[in-house]
Amino acid sequence: DIQMTQSPSSLSASVGDTVTITCRAGQSISTYLNWYQHKPGQAPKVLIYSASRLQGGVPSRFSGSGSGTIFTLTISPLQHEDIATYYCQQAYSSSSSTFGQGTRLEIK
Amino acid sequence: QLQLQESGPGLVRPSETLSLTCTVSGGSISTTNCYWGWIRQPPGKGLEWIGTVYYTGDTYYKPSLRSRVTISADTSTNQFSLFLTSVTAADTAVYYCARRAPNYAIDVWGRGTTVTVSS
């Protein structure tokens, strides 16, 4: 398995802030990196695919960057409805995918 | 609009086999370059990828589960299934079926079904 490590594990920010979540891969995964938003009681939702491509229907305040082993998800400006847990996922290894441990986002 | 729906027992006894089925509607599991798979979330924990199947029958599994898991696809019924043998309490989770799109993102998910392993 390719290990995926997210930081921070949780964070609290105010509406209107810029929030950045980092995901590190245990080996180079090129840009085979996806980001998901997961709200309680709902299915996860893909926000970003291929590290930086915005999934259709996702607000433009979400953006992604990175390649190789370090990736970031940025939310700017933060909105109240963005309260959720965010996960990165590597899709480099077609035989075995892995998720990061998640970042819980709270609003101050 | 593509929709996925999980079905199966909500309670499984320890050491028995967990069996879930995902019914796909609004699209075909035979779609080229789309893979169909299972992800789970144990209580209080993060998402865990279990494995995927292609309509041809090719499968890919999480290494630590490979000895206990089977995922199969049935193109005649447009369904795919998860079988997890010798379950323990650690297999208690919300199980999601999902589609991996050609862009490698998991873009369509079922609503999830809770499976509890308990005697």
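The values are calculated or read from the model by the stated rules, or taken from the named source; none is laboratory data. In this text the structure is predicted, and so the values were computed from the model without any measurement. A quick note on method: Cβ atoms are made from the backbone with ideal geometry, for glycine too, and the neighbour counts reach across all protein chains shown. Each accessible area value is taken on the protein alone, full model and side chains, heavy atoms only, with ligands, DNA and RNA left out. Shrake-Rupley method; radii C 1.70, N 1.55, O 1.52, S 1.80 Å.
See the values below:
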| quantity | calculated |
| --- | --- |
| Of all accessible heavy-atom area on region A:13-74, the percent that carbon and sulfur account for (1.4 Å) | 43 |
| Test item: B:37-50 mean partner chain Cβ contacts at 10 Å | 3 |
| Area of residue A:38 that stays accessible when all protein chains are in place (1.4 Å probe, Å², to 10) | 20 |
| Point-charge dipole on Cβ atoms (K/R +1, D/E -1) for chain B, about Cα centre, debye to 20 | 200 |
| Label zone at residue A:3, where the point sits 7 Å out along the Cα-to-Cβ direction: region B:19-54 residues whose backbone N lies under 13 Å | none |
| Which of A:57, B:84, B:17, positive extreme of dipole for the protein assembly as shown (C-beta unit charges) | A:57 |
| Full-extension gain in nm, residue A:93 to residue A:30, via 0.36 nm per residue minus C-alpha separation | 21.6 nm |
| Surface per residue (accessible, 1.4 Å probe) for the protein assembly as shown, Å² | 44 |
| Two-site label geometry, residue A:83 and residue B:13: point separation in nm, points 7 Å out along Cα→Cβ | 4.3 |
| Under 21 Å from the Cα of residue B:45 - lysines, other chains or at least 8 residues apart | A:39, A:45, B:62 |
| Spin-label pair residue A:50/residue B:103, simplified geometry with 7 Å Cα→Cβ offset, distance in nm | 0.7 |
| Partnerless cysteines, meaning none of the other Cys C-beta atoms lie under 4.7 Å away, in the protein assembly as shown | B:34 |
| Rg followed by Dmax, in Å, when chain A is reduced to its Cα trace | 12.9, 40 |
| Accessible area buried, both sides summed, chains A and B with 1.4 Å probe, Å² | 1700 |
| Magnitude of the charge dipole, the protein assembly as shown, Cβ model with Lys/Arg +1 and Asp/Glu -1, debye to 20 | 160 |
| Cut-off under 5 Å, modelled amide H: who pairs with residue B:107 long-range | B:99, B:101 |
| Rg over Rh [alpha-carbon atoms, Kirkwood Rh] for the protein assembly as shown | 0.96 |
